[in-house]
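Asker: Structure incoming, see below.
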Amino acid sequence: MHTEPLIVSKSSLYVVATPIGNLQDLTPRAIDVLRGVNVIAAEDTRVTGQLLKYFGINTPMISLREHNERAMAEKLVQRLQAGDAVAQVSDAGTPAISDPGAQLVAAVHAAGLRVIPVPGASALTTALSGAGFTCPHTLFYGFLPPKSRQRQDAIAPLVTLPYATVFYEAPHRILDTLKDLADGFGHDRTALIARELTKTFETLRRAPLGELLPWAEADSNQQRGEFVIVIDAAPPAAPDETNAHDHVLHPLLAELPLKQAVAIAQTITGAPRNALYERALELKKAMQS
Ligand code: SAM
């Protein structure tokens, strides 16, 4: 394990994850970096100011918001070129995850300068680690559209994907979104609601989508705070029995009479003779047309 005191590198952009609620989740390395850099580019200097105060960090800040990110990126690249070390933080969690940050990082790469991510909290990984879904693949969607029609359209192509899918949602839309998710993914699909992660009223509830909506509706406390919803992956599609043995039947039919092809296909696949015979008839017809 690396335990040396950190010396911040010149001309480097540190992309620093900050807590999503519990201040103890700021890592010792992040504290060193935030202390050691020349300037901190913060999404909201008031929010980050409180974090810095808590840890007794006096590094100057500048504001890097969505609307000024491009212009600010140019200025920060100049500072990096002049030798400064810069840290970038968002209000909570990991920058550039449903937050500003990607444009500055891209500009620093384009200028041939060093980008150093400093990992830490993110609502995405925190919720996923508490979901218990065994599917090894994950799709991070982030925020769905605010209007129901567009939200339903966005959900539709996701429902058959073999990936656990992660959504962020705001409290004033949580009930509407849960309803659209249940309608789209189906009331039986298992999901996790992770509310107020790492905070006092943290709640994780894992249940079929059809149960989560009435549960959240019944208790107004469950509609407050910040939310991540993780939906389990679609179950594997049942194999299509109709053409499961085409790869065997096809070459046999090309060389042999139908009855003989079916008999050999049955020996190879062990599939029922009738099913193979009917499929062979269809294939033969298609091959002759
Ligand atoms: N960059 C952040 C990250 O790495 O998680 C996400 C920023 S995004 C603007 C804010 C959204 O993240 C919230 O609306 C909520 O969906 C989710 N979120 C952030 N903190 C959370 C928490 N403590 N509990 C649950 N969800 C949270």
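Asker: Go through (1) within 16 Å of the ligand (Cβ to nearest atom); (2) of a type in the set (Asp, Glu); (3) more than 20 Å from the chain's Cα centre (by Cα) for residue 211 and report which single condition fails.
Answerer: Answer for residue 211: the failing condition is (1).
Asker: Still on this structure: Checking residue 49 against (1) within 16 Å of the ligand (Cβ to nearest atom); (2) among the small types (Gly, Ala, Ser); (3) on the phi < 0 side of the Ramachandran plot, which single condition isn't satisfied?
Answerer: Here residue 49 meets the rest and fails (1).
Asker: Can you tell me which residue among 162, 214 is outside the structural domain of residue 96 (by TED's automatic domain parsing) and surrounded by 13 or more Cβ atoms within 10 Å (Cβ to Cβ)?
Answerer: Details: 214 fails: surrounded by 13 or more Cβ atoms within 10 Å (Cβ to Cβ).
The conditions single out 162.
Yes or no, residue by residue, for (1) more than 15 Å from residue 15 (Cβ to Cβ); (2) part of a helix (DSSP H, G or I); (3) of a type in the set (A, V, I, L, M, F, W, C); (4) away from the ligand (no atom under 12 Å from the Cβ):
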position: 121; (1), (2), (3), (4): no, no, yes, no
position: 126; (1), (2), (3), (4): yes, yes, no, no
position: 141; (1), (2), (3), (4): yes, no, no, no
position: 145; (1), (2), (3), (4): yes, no, no, yes
position: 151; (1), (2), (3), (4): yes, yes, no, yes
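Asker: Got a sec? Which of 131, 102, 96 is under 23 Å from residue 194 (Cβ atoms), within 16 Å of the ligand (Cβ to nearest atom), of a type in the set (A, V, I, L, M) and assigned by TED's automatic domain parsing to the domain that holds residue 44?
Answerer: It is 96.
Residue-wise test of (1) touching a Ser or Thr at 6+ places or on another chain (Cβ under 9 Å); (2) hydrophobic (A, V, I, L, M, F, W, C); (3) within 20 Å of residue 66 (Cα to Cα).
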site	(1), (2), (3)
87	yes, yes, yes
101	yes, no, yes
119	yes, no, no
124	yes, yes, no
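Asker: If you don't mind, there's one more thing I want to ask. Sort out which residues of segment 53-68 are more than 14 Å from the ligand (Cβ to nearest atom), over 24 Å from residue 199 (Cβ atoms) and either in contact (Cβ under 8 Å) with a residue 24 or more places away in the chain or part of a helix (DSSP H, G or I) (or both), and write them in order of number.
Answerer: Passing the criteria: 59, 67, 68.
Asker: Looking at 85, 71, 110, which one is more than 15 Å from the ligand (Cβ to nearest atom), surrounded by fewer than 17 Cβ atoms within 10 Å (Cβ to Cβ), farther than 30 Å from residue 207 by Cβ and modelled with pLDDT of 95 or more?
Answerer: That would be 110, the only listed residue that is more than 15 Å from the ligand (Cβ to nearest atom), surrounded by fewer than 17 Cβ atoms within 10 Å (Cβ to Cβ), farther than 30 Å from residue 207 by Cβ and modelled with pLDDT of 95 or more.
Asker: Can you pull out the residues in segment 245-289 that are among the aliphatic types (A, V, I, L, M) and not in a helix (DSSP H, G or I)? I'd like the intermediate steps shown before the answer.
Answerer: If we filter segment 245-289 for residues that are among the aliphatic types (A, V, I, L, M), which is where we start, we get 248-249, 252-254, 256, 258, 261-265, 268, 271, 275-276, 280-281, 283, 286-287.
Hits for segment 245-289 are 256, 271.
Asker: Within the set of pairs 6+ apart or on separate chains, which have a first residue in segment 180-208 that is closer than 21 Å to residue 224 by Cα and within 16 Å of the ligand (Cβ to nearest atom), a second that is modelled with pLDDT of 95 or more and aromatic (Phe, Trp, Tyr), and C-beta atoms under 6 Å apart?
Answerer: Every condition considered, the pairs that remain are 195/227.
Asker: Let me spell it out: the conditions are (1) within 16 Å of the ligand (Cβ to nearest atom); (2) assigned to a loop (DSSP other than H, G, I, E, B), and residue 162 meets all of them except one. Which number is the exception?
Answerer: If we test residue 162 against (1) within 16 Å of the ligand (Cβ to nearest atom); (2) assigned to a loop (DSSP other than H, G, I, E, B), just (1) comes out false.
Asker: Would you please name the residue that is surrounded by the most Cβ atoms within 10 Å (Cβ to Cβ), looking only at residues in segment 187-211 that are of a type outside the set (D, E, K, R) and in contact with a Pro (Cβ under 9 Å, 6 or more places away or on another chain)? Steps first, please.
Answerer: The first filter runs over segment 187-211 and keeps only residues of a type outside the set (D, E, K, R), leaving 187, 190-194, 197-198, 200-201, 203-204, 207-210.
Cutting the leftovers down to in contact with a Pro (Cβ under 9 Å, 6 or more places away or on another chain) gives us 187, 190-191, 198.
Values: 187: 13, 190: 19, 191: 25, 198: 16.
For segment 187-211, the residue satisfying everything is 191.
Asker: Here's a follow-up. Output the residue which, of all residues in segment 223-238 that are within 16 Å of the ligand (Cβ to nearest atom) and more than 12 Å from the chain's Cα centre (by Cα), is surrounded by the most Cβ atoms within 10 Å (Cβ to Cβ).
Answerer: Among those that are within 16 Å of the ligand (Cβ to nearest atom) and more than 12 Å from the chain's Cα centre (by Cα), it is 227.
The values are calculated or read from the model by the stated rules, or taken from the named source; none is laboratory data. Fair warning: this is a prediction, and the values are worked out from it, not measured in the lab. Glycine gets a Cβ as well: all are built from the backbone with ideal geometry, and neighbour counts include every protein chain shown.
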